[in-house]
Amino acid sequence: MIHRVSLAAAAAAVFSAMPAAAQEVPASGDTPPPASAEVPATTDRAARQVYTPADFTRYAPVNAYDMLNQVPGFQIRDNEELRGLGQATGNVLFNGKRPSNKADDMYTQLSRIPAGNVERIEIIDGATLDIPGLSGQVANIVYRADGISGQFSWKPEFRPHYTDPLFTRADVSVRGRSGDIEYEAALNNDDSARSGAGGPTLITDATGNIIERRRDIWNTHYDTPKLSGRITWDPVGDTVANLGGHYQRKYDRYYEDGVRTGPGLTDRLRTVRENSDSWNYEVSGDYQFGLGPGRLKLIGLRRFSHEPYSQEIVTTPDDGAPATGDRFAQTGNIGETIARGEYQWKMFGGDWQLSGEAAFNTLDNVASIAVLDRDGVFVEQPFEGGTGGVSEDRYEGLLSFGRKLTGTLNFQIIAGAEHSTITQTGMNGLTRTFFRPKGSISLAWAPSADFDVSVKLRRRVLQLSFYDFLARAFLNDGNQNEGNNDLRPQQDWTYEAEVNKKFGAWGSTKLQLIYRDVEDRVDVIPIGENGEAVGNIAKSWAGAIDWTSTINLDPAGLKGVRLDTRLLLQKSSLRDPFTGEKRQWNGFTDTIASIALRHDIPGSDWAWGGDAEYSHYQPNYRRNQTDRVWEGPVWASVFIENKDVMGLTVRASIRNIVNARSRRDRTVYTGVRGASPIDFIEDRDRLIGPIFSFQVRGKF
């Protein structure tokens, strides 16, 4: 079963968890689409499978994502949010090459390749390839555009409660070739959403006495139209050049209206308004050519994002008293420039690569806080810690070597280091330099065509959010982060193992194990006597077991029926910087269990199915509170699909059929958590309701 959130990204939920500064609720009901059915495969050698377009005919795929989505047991893994471009960390290649951009996820890039352009999909163990950093199962999409073709989709969505209809979720793309030039252009708003929930919240004291009753309704409008294009020059020989880019606008609005009542309190109307409209662009390119005994690849990338944000909260008593309110606003400009070179050659029976990278990241931010006066005018207040700049200049060098040890055993080793200088301007400005070793070693064993094992040990350095260096207010919850100029990137030793077993016509199963020994875990830490900020915890760890299976029921006589299952169990540990007690990471996902069924009815264009998923999350911790926010605990959906409605694929679905709720449990203390009395307990239970969606997809 394909998950757009794979272990590495579930480990992103896991091992990155929720950002330490995050406070807002995720958009209700926004979940990935269910995976589709299984196809047979042709094995041409151990640990290598080849799927041709004929294998996918019955599913009427529109693009390469639809095809890869049918491959049993394969999980798409996006590139990890590490630093710069670095070594390959995703598990999808395009014509044997890793993508050199950062803005598009694998789903977006796959969905732009028309199914008619795909010649084959190869599933290979990454450690057998000459691309450093890959391990476990890797999909290579082999495609070539002939002439011009395109595709489109429209995915409207409707909810009966609290939320406006969504009509703008759509995309269109065109790909073609003229001689040695291949080109693509796309207009995409596939991430747009309309989310919302409403219901009661009870505020009680430690003994359960009601302090306040709240009834709130919130909804969001989110659109991300993006215009993108790419040109590839691929003449005869080993020279290849790519140039691509995009421009994107983001329209992100949050609206909340609520009424608050309580014993002895005046009734109040409370409004929350947030605006996160922004824009960004990215330009990237690469040029590969033969040089001496090997190949040299030069890569360049520039991206920039302009990110204004404002949050305004106003409370109006119904007895005629003046309204009170607060406003937090900031405008951040984020830039990244990368230059990278990779030289590959063969020597001593293996593949070598020497790479060097220079990356320059910047943030310039201006923030302010204002208080509403009795005349209804917001008056600015001092907030120096929120304004400033952060920059990092980073240089990296790595040498890799990989080769086949036996007919069934491959290994790859990477060794190198990075040097970086982080400079912060503004309040308490500081410049620091760091030197960090990096690298990995991996082994891949494939004793037969239906069984393979890979293991990997690597040293990672993660990317910081530069906003975390600066102060920020979270008005909706009455919290504030101080600035912290001593923040350091998280590093870890990661131990990974992947076991794949195929059961012929019955399907396949995959077991992935991850353990991370972490230094400088990013979390919320004490600052001064009463403050808190995003900072580092010296030592922590996390582990995960991710078991996925594809079960094809054709051999049992249920033609066209397939089940996909997943069980993800995760655990983490650190010593709480406020209480000294051991606990799990902030917002850590500890359990996911899911099952999906799809039935492609033989001899027809119809398919139907459904899925269900249970998930559980750890609380977020601050100086004076624990806070667990979730939606669920179970999400479930059903769908029906016709793959030929006048040449179009049409699907109707209903999500949240078991009434998943928007929930919050928060306990706030009068002082340091665990050492002070409880101030109040917040129990929120909001209705999301069913979600009706419609999907039309086609090609031209």
Report summary line: When segment 301-314 is checked residue by residue, the ones that are surrounded by fewer than 17 Cβ atoms within 10 Å (Cβ to Cβ) and in contact with a Lys or Arg (Cβ under 8 Å, 6 or more places away or on another chain) are 310
Query raised in the report: Does residue 385 fit the bill of being touching an Asp or Glu at 6+ places or on another chain (Cβ under 7 Å) and in contact (Cβ under 8 Å) with a residue 12 or more places away in the chain?
Result: yes
Report task. Given the conditions (1) part of a strand (DSSP E or B); (2) in contact with an Asp or Glu (Cβ under 6 Å, 6 or more places away or on another chain), report the number of the one that residue 488 does not fulfil. Result -> (1)
Report task. Could you grab me the full set of residues in segment 158-173 that are within 22 Å of residue 112 (Cβ to Cβ) and either crowded, with 21+ Cβ neighbours inside 10 Å or of a type in the set (Lys, Arg) (or both)? Result -> 169, 171, 173
Report task. Check segment 606-617 and report whether any residue there is at pLDDT 95 or above, under 17 Å from residue 691 (Cβ atoms) and open to solvent by 60 Å² or more (accessible area, probe 1.4 Å). Result -> yes
**Report entry** Residue ID - nearest to the chain's Cα centre (by Cα), chosen from residues in segment 520-546 that are open to solvent by 40 Å² or more (accessible area, probe 1.4 Å) and over 30 Å from residue 473 (Cβ atoms)
**Finding:** 545
Report summary line: Restricting segment 673-700 to residues that are open to solvent by 20 Å² or more (accessible area, probe 1.4 Å) and of a type in the set (Val, Ile, Thr), the one nearest to residue 217 (Cα to Cα) turns out to be 681
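Table: residues versus (1) more than 26 Å from the chain's Cα centre (by Cα); (2) more than 30 Å from residue 674 (Cβ to Cβ); (3) modelled with pLDDT under 95; (4) of a type in the set (Asp, Glu).
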{"residue": "486", "(1), (2), (3), (4)": "yes, no, yes, yes"}
{"residue": "493", "(1), (2), (3), (4)": "no, yes, no, no"}
{"residue": "501", "(1), (2), (3), (4)": "yes, yes, yes, no"}
{"residue": "564", "(1), (2), (3), (4)": "no, yes, yes, yes"}
{"residue": "568", "(1), (2), (3), (4)": "no, no, no, no"}
{"residue": "575", "(1), (2), (3), (4)": "yes, no, no, no"}
{"residue": "584", "(1), (2), (3), (4)": "no, no, no, no"}
Query - Boolean, residue 461 is under 26 Å from the mean Cα position of the chain (by Cα), of a type in the set (Val, Ile, Thr) and either open to solvent by 30 Å² or more (accessible area, probe 1.4 Å) or closer than 30 Å to residue 529 by Cβ (or both) - result: no
Report summary line: When (1) surrounded by 15 or more Cβ atoms within 10 Å (Cβ to Cβ); (2) over 30 Å from residue 508 (Cα atoms); (3) without any contact (Cβ under 8 Å) to a residue 60 or more places away in the chain; (4) basic (Lys, Arg) are applied to residue 403, the one that fails is (2)
Query raised in the report: Would you call residue 187 closer than 20 Å to residue 251 by Cβ, open to solvent by 20 Å² or more (accessible area, probe 1.4 Å), touching an Asp or Glu at 6+ places or on another chain (Cβ under 8 Å) and part of a strand (DSSP E or B)?
Result: yes
Query raised in the report: Quick one: residue 673 ticks every box in (1) part of a strand (DSSP E or B); (2) at pLDDT below 95 bar one, so which box is it?
Result: (1)
Query - Candidates 168, 201 - the one that is in a loop (DSSP other than H, G, I, E, B) and modelled with pLDDT of 95 or more - result: 168
Query raised in the report: Do we have any residue at all in segment 316-328 that's in contact with a Lys or Arg (Cβ under 6 Å, 6 or more places away or on another chain), at pLDDT 95 or above and hydroxyl-bearing (Ser, Thr, Tyr)?
Result: no
Query raised in the report: Taking residue 477, is it open to solvent by less than 30 Å² (accessible area, probe 1.4 Å), out of contact with any strand residue (DSSP E or B) (no Cβ under 6 Å at 6 or more places or on another chain) and charged (D, E, K, R)?
Result: yes
Query raised in the report: Taking the condition open to solvent by less than 50 Å² (accessible area, probe 1.4 Å), assigned to a strand (DSSP E or B), touching a residue at least 12 places away in the same chain (Cβ under 8 Å) and touching an Asp or Glu at 6+ places or on another chain (Cβ under 9 Å), does residue 593 pass?
Result: yes
**Report entry** Residue under evaluation residue 604, criteria (1) part of a strand (DSSP E or B); (2) farther than 25 Å from residue 634 by Cα; (3) of a type in the set (S, T, N, Q), criterion not met
**Finding:** (1)
Report task. Look through segment 652-672, keep the residues that are open to solvent by less than 40 Å² (accessible area, probe 1.4 Å) and within 25 Å of the chain's Cα centre (by Cα), and return whichever of them is farthest from residue 156 (Cα to Cα). Result -> 664
Query raised in the report: Across segment 567-581, which residue is farthest from residue 541 (Cα to Cα) among those that are open to solvent by 40 Å² or more (accessible area, probe 1.4 Å) and part of a loop (DSSP other than H, G, I, E, B)?
Result: 579
Query raised in the report: What is the number of the single condition among (1) over 30 Å from residue 669 (Cβ atoms); (2) part of a loop (DSSP other than H, G, I, E, B); (3) over 30 Å from the mean Cα position of the chain (by Cα) that residue 177 does not meet?
Result: (2)
Report summary line: When segment 496-544 is checked residue by residue, the ones that are of a type outside the set (D, E, K, R), at positive phi and not in a helix (DSSP H, G or I) are 507, 528
Query raised in the report: For segment 84-122, which residues satisfy the criterion of being over 23 Å from the mean Cα position of the chain (by Cα) and closer than 20 Å to residue 61 by Cβ?
Result: 95, 114, 115, 116, 117, 118, 119, 120, 121, 122
Requested in this report: Could you tell me which numbered condition residue 67 fails, if it satisfies all but one of (1) within 27 Å of residue 552 (Cα to Cα); (2) open to solvent by 40 Å² or more (accessible area, probe 1.4 Å); (3) not β-branched (Val, Ile, Thr)?
Outcome: (2)
**Report entry** Single residue of 450, 486, 492, 517 found to be open to solvent by 30 Å² or more (accessible area, probe 1.4 Å) and closer than 26 Å to residue 399 by Cβ
**Finding:** 517
Requested in this report: For residues that are in contact (Cβ under 8 Å) with a residue 60 or more places away in the chain and either touching a helix residue (DSSP H, G or I) at 6+ places or on another chain (Cβ under 8 Å) or surrounded by fewer than 19 Cβ atoms within 10 Å (Cβ to Cβ) (or both), scanning just segment 628-648, find the one that is nearest to residue 686 (Cα to Cα).
Outcome: 643
Report task. Identify all residues within segment 349-387 that are among the β-branched types (Val, Ile, Thr) and open to solvent by less than 70 Å² (accessible area, probe 1.4 Å); write none if there are none. Result -> 362, 369, 371, 379, 387
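The values are calculated or read from the model by the stated rules, or taken from the named source; none is laboratory data. Just so it is clear, the structure is predicted and the values come from calculations on it, not from any experiment. Note that each Cβ is placed from the backbone with ideal geometry, even for glycine, and that neighbours are counted across all protein chains shown. These area figures cover heavy atoms from the full protein model, side chains too; ligands, DNA and RNA do not enter into them. Shrake-Rupley method; radii C 1.70, N 1.55, O 1.52, S 1.80 Å.
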